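Data block below; observations after.
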Amino acid sequence: MSRFLRHVALPVATLILWELLGRTGHLPDFLSTPSGIGAALAEIAASGELARHLGISLLRAVSGFAIGAAAGVLFGLAAGISAPVRNFFDAPVSLLYPVPKIAFYPIILLWLGLGDLSKIVVVAVSVWFPVFIAAIEASRAVQLQLVWAAQSMGAGRGIVFRRVVLPAALPQLFAGLRVGLALAFVSLFAAELIGANTGLGYLVADGEQNLRFDIMFAGIVVFGVIGFLADRLLLVVRRRMLRGQLIGTAEGAF
Amino acid sequence: MAAARRLIARWYSVPLLLALWQAASLAGLVSPRLLPDPRLVAQTFWADLMNGTLVHHAEFSIMRALLGYAAATVVGTAIGLVMARSRLARDFVEPVFFFGYPIPKIALFPVFAFVFGFGTPSKIAFVFLECLYPIAIATYFGFAQVPERHIWAAQSMGAGRSTVLWRVMIPAALPAIFSGLRIALPIAIVVVIITEMIGDTTGLGFYITNAAVSFKYPGVYAGIAAVAILGFAFDRAFALLRNRVIHWERQHLALY
């Protein structure tokens, strides 16, 4: 129990201190107070504004992530299996990897406009890179003996891929998907902040502009929570899919 | 000869893609606004490099990225070490790091801009925050996995606390720490550029958005090229440094 208390001590103390300092007027307006943020959250939830922006942001995040992840896995596995494909992607990918994909956003905006599509594209491109790189590493981590063993027992290409290569590649793939998921939310938020008129990022920017800092924080809190929950969801999926492989590891013991 | 062939196999696609781009824009297949003629991009890049514009903005971006990164390195490794060695400290900060890790911290940037001002300090502080997580967590795992036997062995030969720390624990944890540092390095660049794009009047991120809002689209690509070169140079420099520091466990660091 005392361990639990120590775990929550720092966050709870911060919240209490924040509330006290805010109420006594020792904090600048833009920091609001936890209770004020809670009230703003209730306000935008009641007016339906929260559900609208949240729904739009989720749609963008999910579809962008799905497209980018699927394309990343596909191209990455292809590059892992075939040297010519790998050689083709190697240099361009390594050059563009450290460039925030949001840098292309002005062009994407010009091309696709302010709507959902421009956000979905920038999210998909951001997700593609880490997933692609993880998928290359993943398919190269497959032990050749296992492939040979399956082949010697008469497995065809399709079965080797589905039953040997894919299961062996999954752990690394999930590592890439997790990085991609984090980047999806970063790109989405930046895109919605820079150019949008809907979504949680817009809600935050709008609250900031109208000096409704409680609404700004409410948007920030909701965005943080969905980012966190998405990560947890991915870990749950990962654990189910890797069920067999986690036996005997520290993680499988839980 | 073999080395030359490997080099060609590895890099041929860059000139190939550039040639395709050039051909497409000469044939009028792409809108010159979306994808301007690469020669125009090269001209803009060269002109802004020579008149110092790009250098000026790059200096700001590099300075912000490196200061935030350096601060995160110092604080992050210290937090990781303390977390690994003290149960009490770990109980206090563990939830902040393990639950805070997957939270998209970018959402906090508007608050940072208010607290630290819209200029350089808020960017440095934000790079610090974003880099702190991977560095602290990698350091924590690095120190946590030092085999107790090695520590006992050193102690039984009469090593004191500081000898154990400097001669046993730090060398054992360094590879893990460096892999955390390597993850954090592109994050530093990405974060600086994004935050500069959201609002600033200096830095490569500003250079890109400024080109876009003044309809100078070749400038957007010139800015992106500058960021790519910067990121690539950072990564290569880091790889060299890593193999120098951890000379007992050299790693062939692939291109990414």
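Just a few scattered comments:
- Any hit, the range A:217-226, residues being in a helix (DSSP H, G or I), touching a His at 6+ places or on another chain (Cβ under 8 Å) and either within 30 Å of A:Val99 (Cβ to Cβ) or not small (Gly, Ala, Ser) (or both): yes
So that you can scan it fast, the table gives a plain yes or no per residue for (1) touching a Phe, Trp or Tyr at 6+ places or on another chain (Cβ under 9 Å); (2) not small (Gly, Ala, Ser):
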| site | (1), (2) |
| --- | --- |
| B:Thr202 | yes, yes |
| B:Ala228 | yes, no |
| B:Ala233 | no, no |
| B:His247 | no, yes |
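- Residues located in the range A:196-205, provided they are assigned to a helix (DSSP H, G or I) and either surrounded by fewer than 17 Cβ atoms within 10 Å (Cβ to Cβ) or within 10 Å of another protein chain (Cβ to nearest Cβ) (or both): A:Leu200, A:Gly201, A:Val204, A:Ala205
- The listed residue being within 30 Å of B:Thr120 (Cβ to Cβ) and at pLDDT 90 or above, out of B:Leu174, B:Leu181: B:Leu181
- Candidates B:Thr163, B:Thr195 - the one that is of a type in the set (S, T, N, Q), more than 14 Å from chain A (Cβ to nearest Cβ) and closer than 30 Å to B:Ile79 by Cβ: B:Thr163
Let's see how each residue does on (1) part of a helix (DSSP H, G or I); (2) closer than 30 Å to B:Val93 by Cα; (3) modelled with pLDDT of 95 or more:
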| position | (1), (2), (3) |
| --- | --- |
| B:Gly28 | no, no, no |
| B:Ser31 | no, no, no |
| B:Pro36 | no, no, no |
| B:Leu40 | yes, no, no |
| B:Trp46 | yes, no, yes |
| B:Leu49 | yes, no, no |
| B:Leu66 | yes, yes, yes |
| B:Val74 | yes, yes, yes |
| B:Gly80 | yes, yes, no |
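- Looking across the range B:1-26, just one residue is part of a loop (DSSP other than H, G, I, E, B) and either within 14 Å of chain A (Cβ to nearest Cβ) or under 32 Å from the mean Cα position of the chain (by Cα) (or both), and that is B:Tyr12.
- Only listed residue being among the small types (Gly, Ala, Ser) and either part of a helix (DSSP H, G or I) or in contact with a helix residue (DSSP H, G or I) (Cβ under 6 Å, 6 or more places away or on another chain) (or both), chosen from A:Ala155, A:Ala150: A:Ala150
- Checking each residue in the range A:75-113 for being aromatic (Phe, Trp, Tyr) and either within 8 Å of another protein chain (Cβ to nearest Cβ) or in contact with a Leu (Cβ under 8 Å, 6 or more places away or on another chain) (or both) picks out A:Phe88, A:Phe89, A:Tyr97, A:Phe104, A:Tyr105, A:Trp111.
The values are calculated or read from the model by the stated rules, or taken from the named source; none is laboratory data. Remember, predicted model here, so these are calculated numbers, not experimental data. Don't worry about glycine lacking a Cβ; one is built from the backbone with ideal geometry, like all the others, and counts go over all protein chains shown.
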